[in-house]
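What follows is a single structure, written as structure tokens, with notes after it.
The values are calculated or read from the model by the stated rules, or taken from the named source; none is laboratory data. Since this is a predicted model, take the numbers as computed values, not measurements. Please note: Cβ atoms are built from the backbone with ideal geometry, for glycine as well, and neighbour counts cover all protein chains shown. The protein model used for the area step is the full one, side chains on, heavy atoms only, and it has no ligands, DNA or RNA in it. Shrake-Rupley method; radii C 1.70, N 1.55, O 1.52, S 1.80 Å.
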Amino acid sequence: FSSGPVLSFHRFIRNDQAKLRAAAMGLVQFPCKAGTLMNNYHLMRAGQSGLEEQNILSTNPLFLTNTEDGLTSLGMMQVDDACRQMVASNINPSVIKYSLASKCIDTANTIANTLMVGRNRIVPEFTFMDPRGAGHWNGKELVTTEAALFALDATEAGNDGRGGSPPPTEDGTANETLFDQVIRLRQLMSILETQYSGDDILLIFPDG
């Protein structure tokens, strides 16, 4: 899930529905044990955005919906290619859950139109799929800042990802650790496991 032009899929598969219904409902724990989820999940990174094309890291939630962060022509090609991969792999999502980042909205709409997913099954997520807040590093050069984040995590995050937050800032951009993202992901999965059962859910994230 780098910031480059590659779109990736990962699949988490449900198991025996009747046996696992009681275990799956409620708070999802990490790491997830095999066969404990009620739905199939496919994880996808949105196509390239205009800001990524300009090599700018943007993680402030106030600006995620800016049109300049929408898909570029390359990003549209990446999404079209991802649709072909899904068709070839017999992946037909019944629910598309996407971040409110502009590139994720564009990606979700393109996939829904191509794979003929009903509009009532395209569901925005307002918080839990946001990109990791980069604090003072927000707005800096994307490639070098991502490398700095990875290096920070490798040296300071620890086994639980609780250390190694980027430097803080006063512009409203959070400076988050890996563990902050784990909390959001756990909340997202718990909500989806409560709302749906037996669905193929495509999650479209703005970053890795």
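Here are a few things to note about the model shown:
- Top-ranked residue of segment 126-144 - restricted to ones that are touching a helix residue (DSSP H, G or I) at 6+ places or on another chain (Cβ under 8 Å) and closer than 20 Å to C104 by Cβ, ranked as surrounded by the most Cβ atoms within 10 Å (Cβ to Cβ): A134
- Qualifying positions in segment 36-65 - loosely packed, with under 15 Cβ neighbours inside 10 Å and touching a Leu at 6+ places or on another chain (Cβ under 9 Å): Q54, N55, T65
- Among the residues of segment 153-186, those identified as of a type in the set (V, I, T) and within 20 Å of C32 (Cα to Cα) are V182, I183.
- Tally, over segment 37-95, of residues that are more than 25 Å from N120 (Cα to Cα), among the charged types (D, E, K, R) and in contact (Cβ under 8 Å) with a residue 40 or more places away in the chain: 1
- Scanning segment 155-184 for residues that are in contact (Cβ under 8 Å) with a residue 24 or more places away in the chain and open to solvent by less than 60 Å² (accessible area, probe 1.4 Å) yields a count of 13.
- I105 at pLDDT 95 or above and within 20 Å of the chain's Cα centre (by Cα): yes
- The one condition in (1) without any contact (Cβ under 8 Å) to a residue 40 or more places away in the chain; (2) closer than 27 Å to N66 by Cβ; (3) touching a Ser or Thr at 6+ places or on another chain (Cβ under 7 Å) that A134 fails to fulfil: (1)
The rows are residues; the columns are (1) at pLDDT below 95; (2) within 17 Å of the chain's Cα centre (by Cα); (3) at positive phi.
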| position | (1), (2), (3) |
| --- | --- |
| N55 | no, no, yes |
| T67 | yes, no, no |
| S99 | no, yes, no |
| N109 | no, yes, no |
| R119 | yes, no, no |
